[in-house]
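Engineer: Input: one structure, supplied below.
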Number of protein chains: 2
Amino acid sequence: MKALEDKILREGTILPGNILKVGSFLNHQIDADFMMEIGQEIGRLFANDGVTKVLTIEASGIAVALAAGAALHVPMLFAKKHNTSNISGEIYQAKVHSYTHNTDYHVAVEAQFLKPTDRVLIVDDFLANGKAILGLTEVIEQAGATLVGAAIAIEKGFQKGGEELRNRNIRIESLAIIESMTDTDITFRH
Amino acid sequence: MKALEDKILREGTILPGNILKVGSFLNHQIDADFMMEIGQEIGRLFANDGVTKVLTIEASGIAVALAAGAALHVPMLFAKKHNTSNISGEIYQAKVHSYTHNTDYHVAVEAQFLKPTDRVLIVDDFLANGKAILGLTEVIEQAGATLVGAAIAIEKGFQKGGEELRNRNIRIESLAIIESMTDTDITFRH
């Protein structure tokens, strides 16, 4: 998505340790109009796949998942992190390793919101090592639902997650894939 | 908002301790199309107030705030909770007491995203004791920005938050106000 690449080049900043900050429009401050365009693009990519539900993880996945859900006119479900204090009844959950915080956490959804008849599209803001998305695929498996694929705003192509997920024959659609980053430069994969 | 009241009556469930569960459409699973309608209603209520930014708190405020930002065509900013590990540079922050978890936490935003020229609309999914919204008003004060008001999806009118905020001359627009709840019944304030 050319508009997203342009936005990354214009507004993104690079911090030491291959950290790309896009907090001006994607995951702290959110450019609402632009986020709805991202949702439309995801909707276009998965328009013919019979998606019945969009699944993401709190917190930074919620905005892009809502935009995708609105474009596809299907409900969005966000998995909760850490503990399950706000979750009641039967749940599906999976353990996820966070490299950022060097810790494990759980992602959980209430079982009533994922059915074997659901065709689920995973949506997230970033794909790096892919562990969060793997956790969501486990949740979908537990529900007996069908995984349609995953739509990602920004994939860090120089980390392993994208390749690992594609090797599992999961359809991954990343709207912008960063091939490489230096302190001053970003190169996209096309 | 009649459609929201109907949705609460149709899909909401009441748990012991005056807990209203609306996780089927508002804050776990989200009815994306309906959430965009909620955003439109908020946009209509604040169409003439020169809002430049919508402010909320992660995680359950993000969806309704994005919908409001999209309706008003302004950026949305979500305050982060707990720690500031994903936040860099100068920040504005405030302490908030959570009655649900009987603990204090901090809400923080990067200072670069709130300017003295900003006219800020606070948006959240729930208003009960009002402490989260009070924390956000502190953040807005620190930035020297102008608080336009707060738009809330569901206010628990039988808790004190709404009254306390209105007594501070803050404009509060709640799309549904629950006057009282029993184990089997919900009464709305009109």
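Engineer: So if I check each of A:Ile14, A:Ile38, which one is farther than 23 Å from A:Thr103 by Cα, modelled with pLDDT under 95 and not in a loop (DSSP other than H, G, I, E, B)?
Structural biologist: Working: A:Ile38 fails: modelled with pLDDT under 95.
From the options A:Ile14, A:Ile38, the qualifying one is A:Ile14.
Engineer: Still on this structure: Any idea how many residues of the stretch A:87-129 are acidic (Asp, Glu), within 12 Å of chain B (Cβ to nearest Cβ) and part of a strand (DSSP E or B)?
Structural biologist: Looking only at that region, the number is 2.
Engineer: Here are the criteria: (1) facing chain B (nearest Cβ under 8 Å); (2) over 15 Å from the mean Cα position of the chain (by Cα). Tell me which single one A:Leu77 does not satisfy.
Structural biologist: (2)
Engineer: Being modelled with pLDDT of 95 or more, under 19 Å from A:Ala176 (Cβ atoms) and either surrounded by 22 or more Cβ atoms within 10 Å (Cβ to Cβ) or not aromatic (Phe, Trp, Tyr) (or both) is the requirement here; does A:Leu4 meet it?
Structural biologist: yes
Engineer: For A:Ala67, state whether it is in a helix (DSSP H, G or I) and touching a helix residue (DSSP H, G or I) at 6+ places or on another chain (Cβ under 7 Å).
Structural biologist: Yes: the conditions hold for A:Ala67.
Engineer: Hey, another quick one. What tally of residues in the stretch B:33-51 results from selecting those that are within 12 Å of chain A (Cβ to nearest Cβ) and either more than 17 Å from the chain's Cα centre (by Cα) or of a type in the set (Ser, Thr, Tyr) (or both)?
Structural biologist: Here the count works out to 1.
Residue by residue, here is whether (1) under 13 Å from the mean Cα position of the chain (by Cα); (2) on the phi > 0 side of the Ramachandran plot holds:
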position	(1), (2)
A:Leu136	yes, no
A:Val139	no, no
A:Gln142	no, no
A:Gly149	yes, yes
A:Lys156	yes, no
A:Gly161	yes, no
A:Leu165	yes, no
A:Ile170	no, no
A:Ala176	yes, no
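Engineer: So, in the stretch B:7-42, how many residues would count as being small (Gly, Ala, Ser), within 20 Å of A:Ala79 (Cβ to Cβ) and surrounded by fewer than 21 Cβ atoms within 10 Å (Cβ to Cβ)? Before the answer, list the steps.
Structural biologist: First pass over the stretch B:7-42, keeping only residues small (Gly, Ala, Ser): B:12, B:17, B:23-24, B:32, B:39.
Adding the requirement that they be within 20 Å of A:Ala79 (Cβ to Cβ) leaves B:23-24, B:32.
Then drop every residue that is not surrounded by fewer than 21 Cβ atoms within 10 Å (Cβ to Cβ), which leaves B:24.
Residues flagged as small (Gly, Ala, Ser), within 20 Å of A:Ala79 (Cβ to Cβ) and surrounded by fewer than 21 Cβ atoms within 10 Å (Cβ to Cβ) within the stretch B:7-42 amount to 1.
The values are calculated or read from the model by the stated rules, or taken from the named source; none is laboratory data. Nothing here was measured: the structure is a model prediction, and the numbers come from that model. Positions of Cβ are backbone-derived with ideal geometry, glycine not excepted, and every protein chain shown enters the neighbour counts.
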